[in-house]
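Trainee: Attaching a single structure in structure tokens format; questions to follow.
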Amino acid sequence: MADLPIDLEAGLADRLVRILDVEAKIPRALEALGPISERDVALLDGGDGVRARQLEQLGGRVTSVASTGRAGIAAPDASADVLVTMWGAFTGATGDEAAEAARVVRPGGRLLVLLDYGRDDIARMRGDRPEYGVLSRRNGPLLGRGFKVRVLHCFWTFTSVDEARPFLAEVFGAAGRKVASEMKRPRLSYNVAVYHRTLGAPA
């Protein structure tokens, strides 16, 4: 799920790609927190979608790597300067995940974990999720393990409210129809958190 925060069938997914973060705040934040440019970047479960292309446009040498069972990553030791995971199950929050991330990333490299932050229009439609609560707490499994966080105030931007209404109804059902009925402008607030930390010390 490195491209999108929600699993959707192809047609709806293509539409969401076009409206999610048209201001490109997400790739700019990844560059600021990595950086990405001129570095070896492992994108976890990213395929060759729009997020991989954005990382390449930032100047990263991007390899999509797969997660495996028991918090594993199918990548060689010390093969990346930056490990990026977006909207996935792997967060680096557990001991096993942290050890696996440290194995893949060179000493002094960076782990960037992108998750939904909540407290926005999209969260009203999706309902309660773990990343809206426990993962964002100061004593939670991310911030309590040495991660820092940058919250990005992004948007889902439509061409018109009339375009937004059927899309939101199809994706979110009654909750989507309710939010759409209250829209005054063709965009919805969407907050994203980039949790980040340095792994090990440079040689």
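The values are calculated or read from the model by the stated rules, or taken from the named source; none is laboratory data. On a predicted model such as this, the values are computed, not experimentally measured, just so you know. Positions of Cβ are generated from backbone atoms using ideal geometry, with glycine treated the same way; all protein chains shown enter the neighbour counts.
Trainee: Looking at (1) farther than 14 Å from G118 by Cβ; (2) at pLDDT 95 or above, find the lone condition where Y190 falls short.
Mentor: The failed condition is (1).
Trainee: Does E23 meet the test of being touching a residue at least 12 places away in the same chain (Cβ under 8 Å), outside any strand (DSSP E or B), among the charged types (D, E, K, R) and touching a Ser or Thr at 6+ places or on another chain (Cβ under 7 Å)?
Mentor: Considered against the rule, which asks whether it is touching a residue at least 12 places away in the same chain (Cβ under 8 Å), outside any strand (DSSP E or B), among the charged types (D, E, K, R) and touching a Ser or Thr at 6+ places or on another chain (Cβ under 7 Å), E23 comes out as no.
Trainee: What number of residues within segment 125-160 are in a helix (DSSP H, G or I), surrounded by fewer than 17 Cβ atoms within 10 Å (Cβ to Cβ) and touching a Pro at 6+ places or on another chain (Cβ under 9 Å)?
Mentor: Number satisfying all stated conditions: 1.
Trainee: Sort through F167, F90 and tell me the only one that's at pLDDT below 95, among the aromatic types (F, W, Y) and either part of a loop (DSSP other than H, G, I, E, B) or more than 16 Å from the chain's Cα centre (by Cα) (or both).
Mentor: Sole residue among the options that is at pLDDT below 95, among the aromatic types (F, W, Y) and either part of a loop (DSSP other than H, G, I, E, B) or more than 16 Å from the chain's Cα centre (by Cα) (or both): F90.
Trainee: OK, next. Could you give every pair whose Cβ atoms fall below 6 Å, whose first residue belongs to segment 122-139 and is within 15 Å of I6 (Cβ to Cβ) and at pLDDT 90 or above, and whose second residue is surrounded by 11 or more Cβ atoms within 10 Å (Cβ to Cβ) and among the small types (G, A, S), counting only separations of at least 6 or pairs across chains?
Mentor: Close Cβ pairs (under 6 Å, with a partner that is surrounded by 11 or more Cβ atoms within 10 Å (Cβ to Cβ) and among the small types (G, A, S)) amount to M125/A175; M125/G176.
Trainee: Right, another one. Could you give every pair whose Cβ atoms fall below 6 Å, whose first residue belongs to segment 107-121 and is farther than 18 Å from P35 by Cα, and whose second residue is among the hydroxyl-bearing types (S, T, Y) and buried (at least 21 other Cβ atoms within 10 Å of the Cβ), counting only separations of at least 6 or pairs across chains?
Mentor: Within 6 Å, the pairs are D120/Y190.
Trainee: Among the numbered criteria (1) in a helix (DSSP H, G or I); (2) surrounded by fewer than 19 Cβ atoms within 10 Å (Cβ to Cβ), which single criterion is violated by R119?
Mentor: (1)
Trainee: Given the criterion of a type outside the set (S, T, N, Q), farther than 26 Å from L16 by Cα and over 18 Å from the mean Cα position of the chain (by Cα), identify the matching residue among R70, R110.
Mentor: R70
Trainee: Taking K178 as the residue in question, decide whether it is surrounded by fewer than 19 Cβ atoms within 10 Å (Cβ to Cβ) and not in a helix (DSSP H, G or I).
Mentor: no
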